[in-house]
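K.L.:
I'd like to ask some things about the structure below.
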Amino acid sequence: MKIQKFRVARHSRAVPKLGDLLTQIHGNAIASRTRTINGVKFRLDDVVQDPATGLWLLNFVRNRTGHGPGRFHASQSIQGFAFASGESFGEDTAALYDPATRYMYIQYNHIGVRHSAMATYLSIYSGHEPGYRISPKLEHDAERRFQNQDITRRIEIGFDLTKMGPADRIQGNSLTDAAEIGQGYSADKLFLTLTISKRDPRKSLQEIKDDVLAVLPFAGLLKARAYGGDEPETTVTVGKRGKRKETVAKAEFEPIDLLEELIETEATIHLGADYRLPLQARYDALKSASTRI
C-alpha cells in the first residue's frame with residue numbers, strides 16, 4: 001500500500017478547524033453523513049480519535065454504480081453479485097490526520113476517494129465552499145525552492161489520460177479541466193507547457209502553484225516540472241552614440257521536478273479472506289508512516 005503525505009489548510013478563519021469538524025461528524029449518525037459530489041455519493045464511515053495521541057483515524061468511502069468486478073471460479077464463467085435495494089459496490093480510502101501538525105497521511109487508492117474529493121466533502125459538510133485545501137507535501141528543500149519562486153516562468157505537465165478517472169476531476173482545477181480536452185479527442189497522453197507572463201497574469205502565482213500541487217498525486221501524471229527563481233529579470237539601460245536602449249537580462253531559472261519530490265512511502269499488507277486490505281492493518285501502516293515521513 002502506498003501512503004502519501006499532505007498538508008491541510010483552511011481557506012479562512014470562518015471555516016472550523018478540521019478537528020472540530022471531525023468531532024461533529026463523529027457525533028452524527030452514519031446515515032446522515034452522505035454528501036453528493038458530481039452525482040457520486042461520498043461518506044466518512046470511520047471517524048475515530050485516539051485519546052492517547054490525538055490522531056484521527058478516518059475511512060472515506062464512495063459508491064460505485066458503474067461496471068464492477070465479478071465473482072470468479074475455476075470451473076465456472078464469471079458471475080455478478082446480487083445486491084439488495086440501496087446497495088452497490090463501494091470504494092474506500094483510509095487516512096490519518098494529525099491536528100498538532102495539520103498533516104494528513106492518505107492511503108493511495110486510484111479508484112477510491114482521492115484527496116481532492118476529501119477536501120470537497122469536508123468543505124460541503126462544514127457549510128463553507130471553498131473550506132479546506134488538502135495539498136501534497138514535497139521534500140523540504142524542493143518545497144522551499146518552489147514556494148520561494150517569486151518568478152515562475154514555465155510549467156510543464158504531462159498526463160496519461162488512460163489512468164485518469166472521474167475521481168481525479170472531482171475538485172475544479174484548471175489543469176484537470178485541460179485534460180478533458182485530450183480525452184475529448186480520445187488521446188492517450190496530453191502534455192502541456194504553460195509559459196507565464198510577467199505582466200498581470202490572469203491567475204496569481206500562488207493560485208497557479210496550488211493548481212499544480214493539487215494534481216501531483218494523480219496516478220496518470222507523467223511529468224510536473226517548474227522553471228523559475230527568486231530573482232526577477234532586470235531591465236538594463238545601455239547607451240550607444242547618444243541613444244538609449246533597454247534590454248532585459250534574463251535570470252538563471254532552475255528546474256524543479258515536483259513529481260520526483262513527493263513525500264511517500266509503502267507498506268506491505270496481506271489481503272484478508274474477503275480480498276480486501278483489513279482496515280486496522282491500513283490504520284497501523286498510516287500510524288507507522290506518520291512517524292517516518
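The values are calculated or read from the model by the stated rules, or taken from the named source; none is laboratory data. Source: prediction; values computed, not measured. Note that each Cβ is placed from the backbone with ideal geometry, even for glycine, and that neighbours are counted across all protein chains shown. SASA here: full protein model, heavy atoms, side chains in, ligands and nucleic acids out. Shrake-Rupley method; radii C 1.70, N 1.55, O 1.52, S 1.80 Å.
K.L.:
Report, to the nearest 10°, how far helix 279-290 tilts away from the longest principal axis of the Cα atoms in the chain, using its own Cα long axis and a range of 0 to 90°.
P.N.:
Its long axis makes an angle of about 30 degrees.
K.L.:
Which of the trypsin sites (Lys or Arg not before Pro) across the range 4-91 are loop residues per DSSP, with 10 or fewer other Cβ within 10 Å? Walk me through the numbers before you get to the answer.
P.N.:
On the way: sites: Lys5, Arg7, Arg10, Arg13, Lys17, Arg33, Arg35, Lys41, Arg43, Arg62, Arg64, Arg71; in loops: Arg13, Lys17, Arg33.
Counting only loop positions with at most 10 other Cβ atoms within 10 Å, the trypsin sites (Lys or Arg not before Pro) in the range 4-91 are Arg13.
K.L.:
Do the sum for the chain: with -39,500 (n - 2.57) for every DSSP H run of n ≥ 4, divided by all residues, what is the mean residue ellipticity at 222 nm, to the nearest 500 deg cm²/dmol? Intermediate values should be presented prior to the final figure.
P.N.:
On the way: 6 runs with 64 residues, N = 293.
Estimated from H runs of four or more residues: -6500 deg cm²/dmol.
K.L.:
So, one more: Could you tell me which label, among [x] 41, 23, 18; [y] 38, 19, 18; [z] 34, 21, 17, carries the value of semi-axes √(5λ) of the Cα gyration tensor in Å calculated for this structure?
P.N.:
[x]
K.L.:
Would you grab the residues whose amide H sits under 5 Å from the one on Lys189? Only those 5+ places off in sequence or on another chain, please, with H modelled 1.01 Å from N.
P.N.:
For Lys189, the qualifying residues are Leu161.
K.L.:
A further question follows. Apply the Karplus parameterisation 6.51 cos²θ - 1.76 cosθ + 1.60, with θ equal to phi minus 60°, to every residue of the range 143-149 and state each ³J(HN,Hα) to the nearest whole Hz, in sequence, with x for glycine and proline.
P.N.:
3J(HN,Hα) across the range 143-149, in whole Hz: 5, 4, 5, 5, 6, 7, 5.
K.L.:
With Cβ to Cβ distances under 10 Å as the rule, what net charge do the other residues near Arg102 carry (K, R +1; D, E -1)? If you can, show how the numbers build up before the last one.
P.N.:
Details: positive: Arg7, Arg10, Lys17; negative: Asp98.
Summing Lys and Arg as +1 and Asp and Glu as -1 gives +2.
K.L.:
Choose one answer from Ala281, Ala94, Ala117: the residue with the largest mean-square fluctuation in a GNM of the chain with alpha-carbon springs under 10 Å.
P.N.:
Result for the chain, Cα springs under 10 Å: Ala281 fluctuates most.
K.L.:
Among Gln24, Gln280, Gln76, which one moves the most in a GNM of the chain with springs linking Cα atoms closer than 10 Å?
P.N.:
Ranking Gln24, Gln280, Gln76 by mean-square fluctuation puts Gln76 first.
K.L.:
Under the rule a/c < 1.5 gives rounded, and otherwise a/b versus b/c splits prolate from oblate, where does the range 37-81 land using the Cα gyration tensor? Please list the in-between numbers first.
P.N.:
Details: a/c = 6.95, a/b = 1.99, b/c = 3.49.
Oblate.
K.L.:
Please calculate how many Å² of accessible area the chain carries per residue, with a 1.4 Å probe and no DNA, RNA or ligand atoms counted. All intermediate terms of the calculation are to be shown ahead of the outcome.
P.N.:
Working: 16460 Å² over 293 residues.
Per-residue value: 56 Å².
K.L.:
Another question about this same structure. To test your reading of the geometry: what angle, between 0 and 90 degrees and rounded to tens, separates the Cα axis of helix 174-184 from the longest principal axis of the chain?
P.N.:
The answer is roughly 70 degrees.
K.L.:
How large a share of the accessible area of the chain, in percent, is made up of carbon and sulfur atoms when the probe is 1.4 Å and the other protein chains stay in place? Write down the numbers at each step before the final one.
P.N.:
On the way: 8060 of 16460 Å².
Carbon plus sulfur share of accessible area: 49 percent.
K.L.:
Given springs between every Cα pair under 10 Å in a Gaussian network model of the chain, which of Gly158, Gly68, Gly228 has the largest fluctuation?
P.N.:
The residue that fluctuates most here is Gly68.
K.L.:
Got a sec to turn the phi values of the range 31-43 into Karplus ³J(HN,Hα) couplings, 6.51 cos²θ - 1.76 cosθ + 1.60 with θ = phi - 60°, whole Hz, x for Gly and Pro?
P.N.:
Ordered by residue, 3J(HN,Hα) equals 5, 9, 8, 6, 10, 9, 10, 6, x, 10, 8, 10, 7 Hz.
K.L.:
How much of the DSSP bridge set in the chain is antiparallel, in percent, rounded to the nearest 5?
P.N.:
Values: 65 of 65 bridges.
Among the beta bridges of the chain, antiparallel pairing accounts for roughly 100 percent.
K.L.:
Expressed as an acute angle from 0 to 90° and rounded to the nearest 10, what is the orientation of the C-alpha long axis of helix 18-27 relative to the principal long axis of the chain?
P.N.:
On a 0 to 90 degree scale, this one is about 20.
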